[in-house]
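The block underneath contains the structure these notes are about, expressed in structure tokens.
The values are calculated or read from the model by the stated rules, or taken from the named source; none is laboratory data. Since this is a predicted model, take the numbers as computed values, not measurements. Positions of Cβ are generated from backbone atoms using ideal geometry, with glycine treated the same way; all protein chains shown enter the neighbour counts. Accessible surface areas use protein heavy atoms only, side chains included; no ligands, DNA or RNA. Shrake-Rupley method; radii C 1.70, N 1.55, O 1.52, S 1.80 Å.
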Amino acid sequence: MSAPEDLLERIRLRLDESFVGIGEVVAELQPADIADLVNQLTRQEAAAVMSMLAVPRAVEVFDQPTLNRRSAILEQMDPGRAAQILEALSSDERAFIVRGVGEYGRRRLLPKLSAEVRSEVERLIQYPPHSAAGIMTTEFVRLEPGFSVGECLKHIRSVAREKESIYACYVMEPGTGHLLGSVSLRDLVMAELDQAVQKVMRKKPVTVNALDDREVVAGKIAKYNLLAVPVLEKDGSVVGFVTVDDVVDVMIEEGTEDVLRMGAVEPGGMDEPYTATPFWTLVRKRAGWLIILFLSEMLTATAMGRFEEEIAHAVVLALFVPLIISSGGNSGSQAASLIIRALAVGELRVRDWWQVMKREFFSGLTLGSILGFVGFLRITLWSLVSPRSYGPHWPLVAVTIWISLIGVVMWGTLSGSLLPLVLKKAGLDPAVSSAPFVATLVDVTGIVIYFQVAAFILKGTLL
């Protein structure tokens, strides 16, 4: 197979030649490889390539979790062709894609769908996108309580082609749709054919509510090692189920959003590849947080101005300002990253704040002492080699740096660890307490701690 760069050039060349031979260029590629190539094209180029593929092939590519901009690509395609692809996708994928299509695109696309599929899509997109029902599929195997194991297997064979998954099946109460139990395909295969399904099924399966956050769903599937989990409405009826592959998609998306937020970048609208994202989109998503951080950093200048007299009397103190504030910011960023990760995987809850505070207090004390000793040692060695470096009072300066680092690092670890918990308690995303945000917060307070310590230790000598 040719190198990806060569394929991209060949695809773009064929696009310039009125799409001649596009099918032959990508015919031998796996769907995942086609998705990777399409991700590197513009929306118009990607839509053109998908339009030239056979419908079954295009469906395979659209079903790849690595394919970006699915809604935007589909919106660029002919509505009839797009409807054919949507019809062949699973219900959860259809809802996800249609949810991302604009209002004008929906008016063009939805009438092209069959009445049954259109009704289902319109119902599913009413659920919040971050809820369990927002990522569920309705294509699951329903079994009746009166079935034997043999009848269950026969029923599964008859409907398998129409369902997204057959590995988890659900025994439903006829008429009401209430869940009686769940049974895996493995359990059915291992059971006796004449055995009643009610003897094989699990009568109290793990379930989620339709409006539960999708992170709750991911947590339950991971905790109980499930292939799928049924989604219940308020009346107890089953409306769908979420599979483990849907959870993987959620984890990838949530991870991407968290990484962007931790870098102080607004994630909305950043679903395109970096090279394909419009320049002004990149600027707009980054400028807001940078302005907030810049205005916050102006408080650092204000804090420095508060100690202008001390700096004038002991210029040597200004030499260590970057050292002090960077140490506090770095320690705070480390603590924030650890706590955000622990919250994301369910290792911590908000009510554990006291335990977190105790651990980070002693962590900050230890880390600050280590960094302070390194700073003390550095000033000592420099002063011994070059006595004029920090003046005759260098031992007091060294002690000032040591104690200041202990205070600043302790404050950094406490701030960085508790801020995500505060945001979580307030119902906000803990990832908003990003490394730049924590560093900015600690910069301002670090200046105050540093000069207050210096004023106490150096009073009567340099100050």
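Has region 242-254 got any residue that is surrounded by 16 or more Cβ atoms within 10 Å (Cβ to Cβ), at pLDDT 85 or above and more than 30 Å from residue 441 (Cβ to Cβ)? Looking through region 242-254, at least one residue is surrounded by 16 or more Cβ atoms within 10 Å (Cβ to Cβ), at pLDDT 85 or above and more than 30 Å from residue 441 (Cβ to Cβ). May I ask you to list pairs of residues, at least six apart or on different chains, whose Cβ atoms are under 7 Å apart, with the first in region 153-176 being of a type outside the set (A, V, I, L, M) and the second being part of a loop (DSSP other than H, G, I, E, B) and open to solvent by 50 Å² or more (accessible area, probe 1.4 Å)? Taking only residues 6 or more apart or on different chains, the pairs are 167/227; 174/144.
Of the residues 453, 442, only one is within 22 Å of residue 322 (Cβ to Cβ), open to solvent by less than 40 Å² (accessible area, probe 1.4 Å) and within 37 Å of the chain's Cα centre (by Cα); which? Lay out the reasoning, then the answer.
On the way: 453 fails: within 37 Å of the chain's Cα centre (by Cα).
442 is the lone residue from the list that is within 22 Å of residue 322 (Cβ to Cβ), open to solvent by less than 40 Å² (accessible area, probe 1.4 Å) and within 37 Å of the chain's Cα centre (by Cα).
Can we say residue 407 is at pLDDT 90 or above, surrounded by 14 or more Cβ atoms within 10 Å (Cβ to Cβ) and either touching a helix residue (DSSP H, G or I) at 6+ places or on another chain (Cβ under 8 Å) or of a type outside the set (A, V, I, L, M, F, W, C) (or both)? It is true that residue 407 is at pLDDT 90 or above, surrounded by 14 or more Cβ atoms within 10 Å (Cβ to Cβ) and either touching a helix residue (DSSP H, G or I) at 6+ places or on another chain (Cβ under 8 Å) or of a type outside the set (A, V, I, L, M, F, W, C) (or both). On the stretch given as region 200-239, residues that are part of a strand (DSSP E or B) and surrounded by 14 or more Cβ atoms within 10 Å (Cβ to Cβ) total 11. With respect to residue 189, determine if the residue is at negative phi and open to solvent by less than 50 Å² (accessible area, probe 1.4 Å). For residue 189, the condition - at negative phi and open to solvent by less than 50 Å² (accessible area, probe 1.4 Å) - is not met.
Do you know which residues across region 185-200 are free of Cβ contacts under 8 Å to residues at least 40 places away in the same chain and under 16 Å from residue 166 (Cα atoms)?
Step one: list which residues in region 185-200 are free of Cβ contacts under 8 Å to residues at least 40 places away in the same chain, which gives 185-190, 199.
The answer is 185, 186, 187, 188, 189, 190.
Of the helices (runs of 4 or more DSSP H) lying entirely inside region 73-186, those containing at least 2 residues that are open to solvent by 20 Å² or more (accessible area, probe 1.4 Å), out of contact with any helix residue (DSSP H, G or I) (no Cβ under 9 Å at 6 or more places or on another chain) and within 28 Å of residue 54 (Cβ to Cβ) are 115-124, 149-159. Within region 369-396, the set of residues being farther than 16 Å from residue 318 by Cβ and part of a loop (DSSP other than H, G, I, E, B) comprises 386, 387, 388, 392.
Only residues that are assigned to a helix (DSSP H, G or I) and open to solvent by 10 Å² or more (accessible area, probe 1.4 Å): list them for region 51-72, please. Break it down into steps so the answer makes sense when it comes.
Step one: of region 51-72, the residues assigned to a helix (DSSP H, G or I) are 51-52, 55-62, 70-72.
Result: 51, 52, 55, 56, 57, 59, 60, 70, 71, 72.
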